[in-house]
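Engineer: Okay, handing you the structure first.
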Amino acid sequence: MSNSRTAIVTGAGSGIGRAVAHALLDAGYRVALAGRREEPLLATAADRAGALAVVTDVADAESVAALFTTVRDRWGRLDVLFNNAGTFGPAGTIDEVSVEDWRACVEVNLTGSFLCAREAFTLMRHQEPGGGRIINNGSISAHAPRPGSAGYTSTKHAITGLTKTLSLDGRPFDIACGQIDIGNAATEMTAGISQGARQADGSVRPEPTFDVRHVAEAVLFMAGLPLDANVQFLTIAATTMPWLARG
């Protein structure tokens, strides 16, 4: 692939974001690596050609705008946004969740995705040639909750609504939007799940995980499609994880 294609990956300092960034870079994309901490971003970049680390707080509108301005000024266009940054947020039944923790989870998972999609949409709409692709990281929790996950589950359900709206509103501008829902990819963030996760019946049981590189390969496939084709929703999960029967 020509290195003329450009991408932004949020939450690129670790886990799924790092794996996807590496896959895009290996495929010849120029990739802006966005995240709150510089050191992990630089570790993701690891002297790879085409990687650009940009410290970004996705919950801050000015910080997000600066990220997209940097990409526009450096490369002149944006072809793919992987809207990936997120947090598990507060755990507990809803009466145990503070308003502050709820708002912090919403700010990162939902408002952060909105802010990045808004900037990407603006750039893709007005660049020449126009168009591009936004890929939102949903979750299995966009379909079914874990116990005590009101903040995370609510924001991930909302991401599905954002994905559908972006898909509809992007049609006149050749802007495609799809969503990948991931269940138990093996990353630092999900390390505890393989040791034991609380189930709907109150028990704690280990859950299976799968290699995160398969997520990266799936995102790379979605990103590489021509703009007249779109993977609207893709679910990738550990084969025997208990999400189909969580309740």
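Engineer: Just checking, does the range 36-44 include any residue being crowded, with 22+ Cβ neighbours inside 10 Å and either out of contact with any Leu (no Cβ under 8 Å at 6 or more places or on another chain) or within 24 Å of VAL106 (Cα to Cα) (or both)?
Structural biologist: Initially, the range 36-44 is screened for residues crowded, with 22+ Cβ neighbours inside 10 Å, giving 41, 44.
Still in the running and either out of contact with any Leu (no Cβ under 8 Å at 6 or more places or on another chain) or within 24 Å of VAL106 (Cα to Cα) (or both): 41.
Within the range 36-44, one or more residues are crowded, with 22+ Cβ neighbours inside 10 Å and either out of contact with any Leu (no Cβ under 8 Å at 6 or more places or on another chain) or within 24 Å of VAL106 (Cα to Cα) (or both).
Engineer: Then there's this: Do you know which residues across the range 53-74 are surrounded by 18 or more Cβ atoms within 10 Å (Cβ to Cβ) and among the hydrophobic types (A, V, I, L, M, F, W, C)?
Structural biologist: Filtering the range 53-74 for residues surrounded by 18 or more Cβ atoms within 10 Å (Cβ to Cβ) gives 53-54, 56-59, 64, 67-68, 71.
Selection gives ALA53, VAL54, VAL58, ALA59, VAL64, LEU67, PHE68, VAL71.
Engineer: In addition: Could you list, in sequence order, the residues of the range 96-128 that are assigned to a loop (DSSP other than H, G, I, E, B) and either of a type in the set (Gly, Ala, Ser) or under 14 Å from the mean Cα position of the chain (by Cα) (or both)?
Structural biologist: Pass one, the range 96-128, residues assigned to a loop (DSSP other than H, G, I, E, B): 97-98, 127-128.
Passing the criteria: only SER98.
Engineer: Here's a follow-up. Residues that are part of a helix (DSSP H, G or I) and either under 23 Å from THR187 (Cα atoms) or of a type in the set (Ser, Thr, Tyr) (or both): does the range 77-93 have at least one?
Structural biologist: The first filter runs over the range 77-93 and keeps only residues part of a helix (DSSP H, G or I), leaving none.
No, the range 77-93 contains no residue that is part of a helix (DSSP H, G or I) and either under 23 Å from THR187 (Cα atoms) or of a type in the set (Ser, Thr, Tyr) (or both).
Engineer: I'm trying to understand the selection: among the residues of the range 221-237, which are surrounded by fewer than 17 Cβ atoms within 10 Å (Cβ to Cβ), assigned to a helix (DSSP H, G or I) and either among the hydrophobic types (A, V, I, L, M, F, W, C) or free of Cβ contacts under 8 Å to residues at least 60 places away in the same chain (or both)?
Structural biologist: Hit for the range 221-237 is PHE221, nothing else.
Engineer: Could I ask something else about it? Answer yes or no: is there a residue in the range 214-221 that is among the charged types (D, E, K, R) and under 19 Å from HIS22 (Cα atoms). Working first, answer last.
Structural biologist: Within the range 214-221, the subset among the charged types (D, E, K, R) is 217.
Now restrict to residues that are under 19 Å from HIS22 (Cα atoms): 217.
For the range 214-221, residues among the charged types (D, E, K, R) and under 19 Å from HIS22 (Cα atoms): present.
Engineer: Being within 22 Å of the chain's Cα centre (by Cα) and exposed (fewer than 12 other Cβ atoms within 10 Å of the Cβ) is the filter here, so list the residues in the range 172-210 that pass it.
Structural biologist: Result: GLU188, ALA191, GLY192.
Engineer: Of the conditions (1) touching a helix residue (DSSP H, G or I) at 6+ places or on another chain (Cβ under 8 Å); (2) assigned to a helix (DSSP H, G or I); (3) under 14 Å from THR6 (Cβ atoms); (4) without any contact (Cβ under 8 Å) to a residue 40 or more places away in the chain, VAL71 fails just one. Which one is it?
Structural biologist: Of the numbered conditions (1) touching a helix residue (DSSP H, G or I) at 6+ places or on another chain (Cβ under 8 Å); (2) assigned to a helix (DSSP H, G or I); (3) under 14 Å from THR6 (Cβ atoms); (4) without any contact (Cβ under 8 Å) to a residue 40 or more places away in the chain, the odd one out for VAL71 is (4).
Engineer: Please state which of the following conditions THR93 fails to meet, knowing it meets all the rest: (1) β-branched (Val, Ile, Thr); (2) more than 23 Å from THR163 (Cα to Cα); (3) surrounded by 15 or more Cβ atoms within 10 Å (Cβ to Cβ); (4) in contact (Cβ under 8 Å) with a residue 40 or more places away in the chain.
Structural biologist: Status for THR93: all satisfied but (3).
Engineer: Just need a number here: residues in the range 109-146 that are on the phi > 0 side of the Ramachandran plot and free of Cβ contacts under 8 Å to residues at least 24 places away in the same chain.
Structural biologist: Count: 0.
Engineer: Has the range 17-39 got any residue that is of a type in the set (A, V, I, L, M), assigned to a strand (DSSP E or B) and more than 16 Å from the chain's Cα centre (by Cα)?
Structural biologist: no
Engineer: Those residues that are surrounded by fewer than 22 Cβ atoms within 10 Å (Cβ to Cβ), touching a Leu at 6+ places or on another chain (Cβ under 9 Å) and within 15 Å of CYS105 (Cα to Cα), I need them from the range 144-164; list them, please.
Structural biologist: Hits for the range 144-164 are SER154, ALA158.
Engineer: Can you tell me which residue among LEU244, LEU234, LEU225, LEU166 is out of contact with any helix residue (DSSP H, G or I) (no Cβ under 9 Å at 6 or more places or on another chain) and at pLDDT 95 or above? Before you say what the answer is, go through the steps one by one.
Structural biologist: Values: LEU244 fails: at pLDDT 95 or above; LEU234 fails: out of contact with any helix residue (DSSP H, G or I) (no Cβ under 9 Å at 6 or more places or on another chain); LEU166 fails: out of contact with any helix residue (DSSP H, G or I) (no Cβ under 9 Å at 6 or more places or on another chain).
That would be LEU225, the only listed residue that is out of contact with any helix residue (DSSP H, G or I) (no Cβ under 9 Å at 6 or more places or on another chain) and at pLDDT 95 or above.
The values are calculated or read from the model by the stated rules, or taken from the named source; none is laboratory data. The model shown is predicted, which means the values in this text are computed figures rather than measured ones. Please note: Cβ atoms are built from the backbone with ideal geometry, for glycine as well, and neighbour counts cover all protein chains shown.
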